[in-house]
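S.K.: Take a look at the following structure, please.
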Amino acid sequence: MNTNETLEALFLRLFEEASNPRQQESLERIKKAADYLDSQRMKISPGSIERYCVDREWGGPKAQSIRNSKILAHYVKSRSAGQRLEISKKNEIRRPVIADETVRAYIQLIEDERDQAIASRRRIEKGLRSLPGISVDELLKAGFGETTAITNSTPTLFQLPKQAKEAICILFDEDALNSVGLQLYKDRIRQNVTFNVLLQKQHMVALRSLVNPAEDQVFSS
């Protein structure tokens, strides 16, 4: 009997030993969750199974309920023991034995959350790499604040049309302005008789910067 057959036999035995239909339903949900986690090479644990059930809005079973049930906990431990996850021995860390059961369960929950996050990121990266026209590596670098080839590219400069430059230059030609009853006074264009201002200084600064963008200060105060 191979591993799959052994686990299937275990599930059927525990299903028959379940005390009520609700526990049988929980066992079925746990089996579906464990099958999915195993196919995605994700760690099977009460915490990861709870998240799977919550994502599908099943309402349970919760991680604590799994731990408190002898049948459910036995099945989850058996499924977890049958996994063959890729673990690098080089990065293996010898952890101290934790006597307090509550602290040990809390640390296990944190580790489950970490493993889930790592697996989720790998699935997202795999999905993005399947999309044409997207450089996932550059996208990830940008997301972590690293400089990419995209950010280093030189932006395209706006070219002002020749006629527009000539029109702006006319506004700075005092003879041209006087011929139509206007004057350039303290870097403002105003009417000769009424002194009503047509263009204020900030307008003239903006127009001059279009013609001479390299100048830091065009006018004096």
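The values are calculated or read from the model by the stated rules, or taken from the named source; none is laboratory data. Because the structure is predicted, anything quoted here is derived from the model rather than measured. Cβ coordinates were reconstructed from backbone atoms using ideal geometry, including for glycine residues, and neighbour counts include every protein chain displayed.
S.K.: Checking Gln116 against (1) assigned by TED's automatic domain parsing to the domain that holds Tyr52; (2) at pLDDT below 65; (3) of a type outside the set (Lys, Arg), which single condition isn't satisfied?
M.R.: In the conditions (1) assigned by TED's automatic domain parsing to the domain that holds Tyr52; (2) at pLDDT below 65; (3) of a type outside the set (Lys, Arg), Gln116 misses (2) alone.
S.K.: What about Lys31, is it at negative phi, surrounded by 18 or more Cβ atoms within 10 Å (Cβ to Cβ) and part of a loop (DSSP other than H, G, I, E, B)?
M.R.: For Lys31, the condition - at negative phi, surrounded by 18 or more Cβ atoms within 10 Å (Cβ to Cβ) and part of a loop (DSSP other than H, G, I, E, B) - is not met.
S.K.: Filter segment 197-211 down to the residues that are among the hydrophobic types (A, V, I, L, M, F, W, C) and not in a helix (DSSP H, G or I), then identify the one that is nearest to Ala164 (Cα to Cα).
M.R.: Taking segment 197-211 first, the residues among the hydrophobic types (A, V, I, L, M, F, W, C) are 197-199, 204-207, 210-211.
Still in the list and also not in a helix (DSSP H, G or I): 197-199.
On the way: Val197: 22, Leu198: 19, Leu199: 17 Å.
Here the answer is Leu199.
S.K.: Please verify whether Ile49 is of a type in the set (Val, Ile, Thr), modelled with pLDDT of 75 or more and surrounded by 14 or more Cβ atoms within 10 Å (Cβ to Cβ), treating the condition exactly as stated.
M.R.: yes
S.K.: Check whether at least one residue in segment 91-103 is in contact with a helix residue (DSSP H, G or I) (Cβ under 6 Å, 6 or more places away or on another chain), within 21 Å of Arg67 (Cβ to Cβ) and at pLDDT below 70, and report yes or no.
M.R.: Looking through segment 91-103, at least one residue is in contact with a helix residue (DSSP H, G or I) (Cβ under 6 Å, 6 or more places away or on another chain), within 21 Å of Arg67 (Cβ to Cβ) and at pLDDT below 70.
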